[in-house]
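Trainee: Before I ask anything, let me first share the structure, which is written out below as structure tokens.
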Amino acid sequence: MISYEPLFRTMAAKGITSYRLMKLGFPRSTYYAMKHGENISSHTVNQLCRILQCNVSDIMEYIDDEKQ
């Protein structure tokens with residue numbers, strides 16, 4: 001499964017709140033979808049990388065379901 005936990009760590013490290021992210025043009029509905037582990041598009045990943053000036057690995061990671 002894909003986890004967006006790296007996004008929340010990256011935001012904390014950069015001092016960016018969800019409110020600030022939304023003020024920078026990131027949709028609130030997409031942010032909440034990610035908080036609940038829902039799928040996002042590659043466009044969304046690109047948008048986050050641009051806004052946060054980070055890499056894809058700073059936004060999401062793969063976790064093997066079989067190991068849990």
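Read-outs throughout are calculated quantities, based only on the coordinates presented, and are distinct from any laboratory measurement. If you're wondering where the values come from, they're calculated on a predicted model, not measured in any experiment. Cβ coordinates were reconstructed from backbone atoms using ideal geometry, including for glycine residues, and neighbour counts include every protein chain displayed.
Trainee: If Tyr4 meets every condition in (1) touching a helix residue (DSSP H, G or I) at 6+ places or on another chain (Cβ under 8 Å); (2) surrounded by 11 or more Cβ atoms within 10 Å (Cβ to Cβ); (3) on the phi > 0 side of the Ramachandran plot apart from one, which number is that one?
Mentor: Result: Tyr4 passes all but (3).
Trainee: Can you name every residue in segment 15-56 that is loosely packed, with under 12 Cβ neighbours inside 10 Å, assigned to a helix (DSSP H, G or I) and of a type in the set (Gly, Ala, Ser)?
Mentor: Ser29, Ser42
Trainee: Could you count how many residues in segment 57-68 are hydroxyl-bearing (Ser, Thr, Tyr) and either assigned to a helix (DSSP H, G or I) or at positive phi (or both)?
Mentor: The number of residues fulfilling the criteria is 1.
Trainee: Looking at segment 1-29, I want the residues that are in contact (Cβ under 8 Å) with a residue 24 or more places away in the chain and have a partner that is assigned to a loop (DSSP other than H, G, I, E, B) and exposed (fewer than 13 other Cβ atoms within 10 Å of the Cβ) with Cβ atoms under 6 Å, at least 6 apart or on another chain. Which pairs are those?
Mentor: If the second residue must be assigned to a loop (DSSP other than H, G, I, E, B) and exposed (fewer than 13 other Cβ atoms within 10 Å of the Cβ), the pairs left are Met1/Ile63; Ser3/Ile63.
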